[in-house]
Amino acid sequence: MANKSIIPEILQKHEAEILTEWIGLLKGGRGKTGRLKEGELETQAHDVLGALRTATEGGVDNDVTGERYGALREILNRISRSRARLTGRDRCGARQRGRKDERVRARAARKRRPLR
């Protein structure tokens with residue numbers, strides 16, 4: 001059973017402040033978003049915060065697998081998949097091998113060959 005919560009009210013009232021500070025922390029204080037496109041980090045943070053506010057509007061419970069948290073879980077899954085693609089990782093965290101990796105290995109192998 002969900003308990004009444006003031007979380008949605010706090011998120012609504014202080015949304016701009018929360019987003020500003022959170023995005024600053026995500027950027028590491030350097031103002032850089034890494035491989036993300038400009039504005040993508042801000043959009044994702046805004047989406048997560050909005051989905052959290054919506055999920056907690058009916059109260060807070062410990063069952064985050066429930067229907068109310070579905071949109072939040074989907075947003076987090078989408079962000080996780082996009083980050084995995086940016087870093088070249090697959091679902092299990094293993095590095096994906098692409099053409100560039102193959103070229104690097106071939107170049108390294110040529111360097112190891114003895115001269116004739």
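The table for this structure:
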read-out: Projected label distance in nm at ARG73 and ILE10, using a 7 Å step from Cα toward the beta-carbon; value: 2.4
read-out: R0 of 41 Å, Cβ-Cβ distance ARG105-LEU26: FRET efficiency to nearest 0.05; value: 0.75
read-out: Label-point gap, in nm, between VAL48 and ALA84 - each point 7 angstrom along Cα→Cβ; value: 1.7
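The numbers here are math on the coordinates, done by the rules we state, and not lab data. Small disclaimer: the values here were computed from a predicted structure and weren't measured. For neighbour counting, all protein chains shown are included, and Cβ atoms are generated from backbone atoms with ideal geometry for every residue, glycine included.
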